[in-house]
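Encoded as structure tokens, the structure appears first; notes follow it.
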Amino acid sequence: MILITHFFEPEIGAASQRITSLAKRALKDYKKIFVITVMPLYTLKGKIKFFENNGNLKIIRFPVFQSNSKNILLRLFSMINFSFYLFLFIPVFLFLKHQKVYVQGHPLVTSFFSIFIFKKLFRKKIILNVSDLWPKSGLELGVFKRGLFYSLLKKIEHFNYSNSDLIMTQSIESKKYISKILQNKNVIVFYNVPTSDFKTKVSTSNKKLTIIYAGLLGHAQNILQTCMNINFKNLDLVFHIYGEGSQKKEIINYIKKNNINNILVHNFISRNQLNQRLISADIGLVQLKQSIHGALPSKLFHYLNYSLPIMYIGSGEAAKIINENNFGWSFKNDDYDGVNSLIEKIIINRKLLSKTIDNIKNNFKIKYDYEAQYASFKNNSNF
């Protein structure tokens with residue numbers, strides 16, 4: 001199998017973790033995996049090699065221009081930069097005997113050129129992973145407006161879906177959206193659940209209530225709003241924040257300005273270090289400022305794998321999963337009265353946490369098991 005993606009370890013983030021896990025698991029079935037990716041934008045490691053030969057896992061990382069800027073032209077240049085390398089390496093691809101090509105569906109332009117090369121030129125079978133519903137997500141986030149450019153991206157989206165033999169996505173909402181565009185297309189849901197074993201929590205009844213957030217600190221998450229609206233000065237709790245993003249400086253400045261000593265902001269740490277902190281925390285915060293169609297934060301499953309009750313602020317499929325399975329508590333974006341009230345109740349009565357933890361232990365792995373999902377993927381990709 002060939003994997004084409006912007007996201008692969010040691011790149012930090014949910015997309016990188018998901019695709020790397022799939023590659024390592026697929027090695028047991030496909031024997032040889034060839035990864036075509038880019039140099040990481042965020043990493044905890046030092047110098048990264050252009051080519052890695054890890055036995056049956058071979059990786060090429062192109063040194064492309066990367067940008068997190070809101071400027072659509074800079075982002076477009078980054079996508080075209082990667083696509084240029086794909087065309088440049090066509091002579092190399094001629095010698096690859098792999099019949100299946102996994103393409104990460106975002107960025108949209110990169111996936112378009114990947115599918116064009118391997119489907120139209122080499123007649124390979126395409127497995128397209130659609131984790132973000134671009135251009136719809138971009139429209140909802142205000143990255144661009146309806147017009148000529150948006151119409152062009154819609155055509156690219158349709159081309160990608162039409163020329164894929166299997167489409168994977170990370171939410172039921174996304175599956176319904178894609179299935180509506182293309183009837184009878186093979187679309188499956190592969191939730192971004194961890195491959196590691198379920199972990200049991202450490203008892204935390206003798207310390208302050210601990211809430212943890214680990215992830216991006218951007219405007220889409222709006223953790224600053226939570227810092228401003230939870231009554232930290234009068235509640236006996238500590239809030240740990242791990243991550244990077246455009247709001248990080250604003251959060252730190254707000255904490256200093258208001259002399260709040262129980263919000264602690266940390267830099268990115270390794271996944272192993274983070275996992276140790278998850279085991280000893282009481283509540284995992286997941287937040288989305290606005291509803292993005294098809295969006296399902298992967299940290300939801302990461303927290304649950306460490307038997308961590310969820311406090312979710314937002315809407316969409318994540319809220320439905322939490323409420324239907326009693327994995328924690330969900331609140332609408334502006335319902336901080338409800339959030340503060342819940343925290344007060346838990347501080348008084350820790351048994352509220354214990355009941356939720358027991359429910360996670362009894363139900364999470366049964367409903368969201370990586371191997372069961374991989375088996376479905378394997379059966380559906382057996383072209």
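The values are calculated or read from the model by the stated rules, or taken from the named source; none is laboratory data. Worth saying up front: this structure is predicted, and the values here are computed from it rather than measured. Counting neighbours? That spans all protein chains shown, and the Cβs are built from the backbone with ideal geometry, glycine included.
Need the failing condition index for Pro107 against (1) surrounded by 18 or more Cβ atoms within 10 Å (Cβ to Cβ); (2) in contact with a His (Cβ under 8 Å, 6 or more places away or on another chain); (3) under 24 Å from Asn379 (Cα atoms), just the number.
Only one criterion is unmet by Pro107, namely (3).
In this structure, is Asn333 surrounded by fewer than 20 Cβ atoms within 10 Å (Cβ to Cβ) and in contact with a strand residue (DSSP E or B) (Cβ under 7 Å, 6 or more places away or on another chain)?
On the way: surrounded by fewer than 20 Cβ atoms within 10 Å (Cβ to Cβ): yes; in contact with a strand residue (DSSP E or B) (Cβ under 7 Å, 6 or more places away or on another chain): yes.
Spelling it out, Asn333 is indeed surrounded by fewer than 20 Cβ atoms within 10 Å (Cβ to Cβ) and in contact with a strand residue (DSSP E or B) (Cβ under 7 Å, 6 or more places away or on another chain).
Please go through the range 245-289 and pick out each residue that is of a type in the set (S, T, N, Q) and out of contact with any helix residue (DSSP H, G or I) (no Cβ under 7 Å at 6 or more places or on another chain).
Initially, the range 245-289 is screened for residues of a type in the set (S, T, N, Q), giving 246-247, 253, 258-259, 261-262, 267, 270, 272-273, 275-276, 280, 287.
Matches in the range 245-289: Ser246, Asn253, Asn258, Asn259, Asn261, Asn267, Ser270, Asn272, Gln273, Asn275, Gln276, Ser280.
Which residue is surrounded by the most Cβ atoms within 10 Å (Cβ to Cβ), if the candidates are limited to the range 228-248 and must be in a strand (DSSP E or B) and in contact with a His (Cβ under 9 Å, 6 or more places away or on another chain)?
Here is the first cut: in the range 228-248, the residues in a strand (DSSP E or B) are 237-242.
Filter again for in contact with a His (Cβ under 9 Å, 6 or more places away or on another chain), leaving 240-242.
Values: His240: 17, Ile241: 23, Tyr242: 18.
Only one residue tops the list, namely Ile241.
Report yes if Ile188 is touching an Asp or Glu at 6+ places or on another chain (Cβ under 9 Å), touching a residue at least 60 places away in the same chain (Cβ under 8 Å), hydrophobic (A, V, I, L, M, F, W, C) and not in a loop (DSSP other than H, G, I, E, B), otherwise no. Before you say what the answer is, go through the steps one by one.
Values: touching an Asp or Glu at 6+ places or on another chain (Cβ under 9 Å): no; touching a residue at least 60 places away in the same chain (Cβ under 8 Å): yes; hydrophobic (A, V, I, L, M, F, W, C): yes; not in a loop (DSSP other than H, G, I, E, B): yes.
Against the criterion (touching an Asp or Glu at 6+ places or on another chain (Cβ under 9 Å), touching a residue at least 60 places away in the same chain (Cβ under 8 Å), hydrophobic (A, V, I, L, M, F, W, C) and not in a loop (DSSP other than H, G, I, E, B)), Ile188 does not qualify.
Considering the range 218-238 alone, what residues qualify as being under 14 Å from the mean Cα position of the chain (by Cα) and among the aliphatic types (A, V, I, L, M)?
Within the range 218-238, just Ala220 meets the criteria.
Since Leu264 meets every condition but one in (1) assigned to a strand (DSSP E or B); (2) more than 16 Å from the chain's Cα centre (by Cα); (3) surrounded by 15 or more Cβ atoms within 10 Å (Cβ to Cβ), which condition does it not meet?
If we test Leu264 against (1) assigned to a strand (DSSP E or B); (2) more than 16 Å from the chain's Cα centre (by Cα); (3) surrounded by 15 or more Cβ atoms within 10 Å (Cβ to Cβ), just (3) comes out false.
Is it the case, given these coordinates, that Lys120 is assigned to a helix (DSSP H, G or I), farther than 25 Å from Phe34 by Cβ and basic (Lys, Arg)? Working first, answer last.
Numbers: assigned to a helix (DSSP H, G or I): yes; farther than 25 Å from Phe34 by Cβ: no; basic (Lys, Arg): yes.
The answer is no for Lys120.
Given the criterion more than 22 Å from Leu86 (Cα to Cα), in the same structural domain as Val130 (by TED's automatic domain parsing) and more than 15 Å from the chain's Cα centre (by Cα), identify the matching residue among Arg61, Arg18, Arg25.
Working: Arg61 fails: more than 22 Å from Leu86 (Cα to Cα); Arg18 fails: more than 15 Å from the chain's Cα centre (by Cα).
Sole residue among the options that is more than 22 Å from Leu86 (Cα to Cα), in the same structural domain as Val130 (by TED's automatic domain parsing) and more than 15 Å from the chain's Cα centre (by Cα): Arg25.
Residue by residue, here is whether (1) of a type outside the set (D, E, K, R); (2) outside any strand (DSSP E or B); (3) modelled with pLDDT of 95 or more holds:
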| site | (1), (2), (3) |
| --- | --- |
| Lys199 | no, yes, no |
| Val202 | yes, yes, no |
| Gly218 | yes, yes, no |
| Thr226 | yes, yes, yes |
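Given the structure, is Asn160 outside the structural domain of Val109 (by TED's automatic domain parsing) and either over 30 Å from Lys361 (Cβ atoms) or not in a loop (DSSP other than H, G, I, E, B) (or both)?
Details: outside the structural domain of Val109 (by TED's automatic domain parsing): no; either over 30 Å from Lys361 (Cβ atoms) or not in a loop (DSSP other than H, G, I, E, B) (or both): yes.
It is false that Asn160 is outside the structural domain of Val109 (by TED's automatic domain parsing) and either over 30 Å from Lys361 (Cβ atoms) or not in a loop (DSSP other than H, G, I, E, B) (or both).
Among the listed residues Asn362, Asn340, identify the single one that is over 30 Å from Asn129 (Cβ atoms) and in contact (Cβ under 8 Å) with a residue 40 or more places away in the chain. If you could, list the steps in order and put the result at the bottom.
Working: Asn362 fails: in contact (Cβ under 8 Å) with a residue 40 or more places away in the chain.
Exactly one of Asn362, Asn340 is over 30 Å from Asn129 (Cβ atoms) and in contact (Cβ under 8 Å) with a residue 40 or more places away in the chain, namely Asn340.
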